[in-house]
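Enquirer: Quick one: structure below, then a few questions.
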Amino acid sequence: MWYYVLPGTGIFGGVKKGFHCADTLSASGCPCAVATPQGDRATWFPTPSGTLTWDALTRICAPEDTILFSCPADAAFVDALPARRKILHMQGANTAADHALFDPARGYELISHGLHMTYELQLRGRIAPYVPIGIPEVFRWNGEPRVAGSVAFMPRKGAEIANAVCAALPPTAEVITIDGLPEHEVAEQLKRADLFVAISAGEAFGLPPLEAMSAGCCVVGFPGIGGFEFLRHMETAHLVPNGDVARLIEAVLHVRAAPAYRAALRARGAAFARYYTLEREREYLLRALGLRTD
């Protein structure tokens with residue numbers, strides 16, 4: 001049996017990708033359940049995966065089981081489990097806690113969800129299979145009409161920055177705030193928005209801007225830590241240095257006033273994002289875990 005250990009089911013990209021991993025394994029004939037402290041199921045995106053509590057996993061885990069996890073804070077719990085195979089599903093690679101887990105003495109296999117994480121591992125003497133992030137089809141833009149000049153934010157990781165940008169917008173500009181919504185509603189809002197402003201400088205991969213690109217938004221903002229994998233300045237997005245709010249405001253106003261440039265970024269971004277499918281993620285994941293050899 002396979003188990004994916006998570007610290008909870010809040011609205012974080014790592015939670016979604018953990019459940020996606022469990023979903024993929026179960027659908028491929030390797031039953032996988034998600035273990036959280038309270039045994040709760042994520043409700044903000046669809047998932048068929050079963051769940052159990054950490055206490056229950058402690059009671060039933062056996063040496064022949066396999067454990068996956070991605071949160072450094074969960075390492076102590078994972079270490080105490082008797083499973084012989086333990087796999088660190090790298091989604092962060094930007095903290096000292098992450099780096100400490102790269103030590104081969106910890107005994108973890110490694111898989112990398114993102115080229116930045118692959119690079120961080122290589123710097124520290126580890127090589128890991130790369131698994132591209134998959135974006136659900138609900139985000140794929142199919143030409144749905146947009147509100148011209150509208151600007152979308154996910155303020156949870158930068159409310160003050162979002163407020164500063166909004167204060168510089170014309171009073172007539174429609175601001176679309178995406179916060180605490182289920183996945184299908186997030187997709188609907190992104191498909192309405194003309195621009196998506198990426199305001200998180202600390203994103204390890206940057207699932208929100210990639211979802212926005214998939215939905216046909218013109219992405220403007222910070223690349224975060226690993227966003228350069230798909231955010232290419234003046235090709236698929238318009239980028240400014242992380243944390244530079246003045247240049248971010250200038251960029252949003254510039255792109256908003258340039259419809260031809262905006263349309264070009266939108267088209268190239270949506271085309272580039274088509275690489276990141278759940279099917280491709282499944283193929284790479286199964287190969288990385290040794291469950292597929294072709």
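Any read-out appearing in this document is the output of simple, stated calculations on the displayed coordinates, not a laboratory observation. On a predicted model such as this, the values are computed, not experimentally measured, just so you know. Positions of Cβ are generated from backbone atoms using ideal geometry, with glycine treated the same way; all protein chains shown enter the neighbour counts.
Enquirer: Could you name the lysines in cross-link range of Lys191, using Cα to Cα under 28 Å and dropping any fewer than eight places away on the same chain?
Expert: Lys16, Lys17, Lys157
Enquirer: Once both labels are modelled 7 Å past Cα along the beta-carbon direction, what's the Asn163-Ala246 spacing in nm?
Expert: Using points 7 Å along Cα→Cβ, the separation is 2.1 nm.
Enquirer: Right, something else. Please work out how much length the chain gains when fully extended from Glu137 to Arg106, using 0.36 nm per residue of separation minus the C-alpha to C-alpha distance, in nm with one decimal.
Expert: Gain in length upon complete extension: 7.5 nm.
Enquirer: Compute the acute angle (0 to 90°) between the alpha-carbon long axis of helix 278-288 and the principal axis of greatest extent of the alpha-carbon atoms of the chain; round to the nearest 10°.
Expert: 40 degrees
Enquirer: Then there is this: Hey, with R₀ at 41 Å, roughly what FRET efficiency would Glu185 and Thr58 work out to, going by the Cβ-Cβ distance, to 0.05?
Expert: 0.70
Enquirer: Within a 10 angstrom radius of the beta carbon, how do Leu110, Leu52 rank from fewest other beta carbons to most?
Expert: With the fewest neighbours first, Leu110, Leu52 line up as Leu52, Leu110.
Enquirer: Then there is this: Let a ≥ b ≥ c be the square roots of the eigenvalues of the Cα gyration tensor of segment 137-273; is it rounded (a/c under 1.5), or, if not, prolate (a/b larger than b/c) or oblate? Mind dumping the intermediate values first?
Expert: Numbers: a/c = 1.17, a/b = 1.11, b/c = 1.05.
Because its axes are fairly even, with a/c under 1.5, segment 137-273 counts as rounded.
Enquirer: Could you line up Tyr261, Tyr3 from fewest to most neighbouring Cβ atoms inside 10 Å?
Expert: Ranked by crowding around the Cβ, least crowded first: Tyr261, Tyr3.
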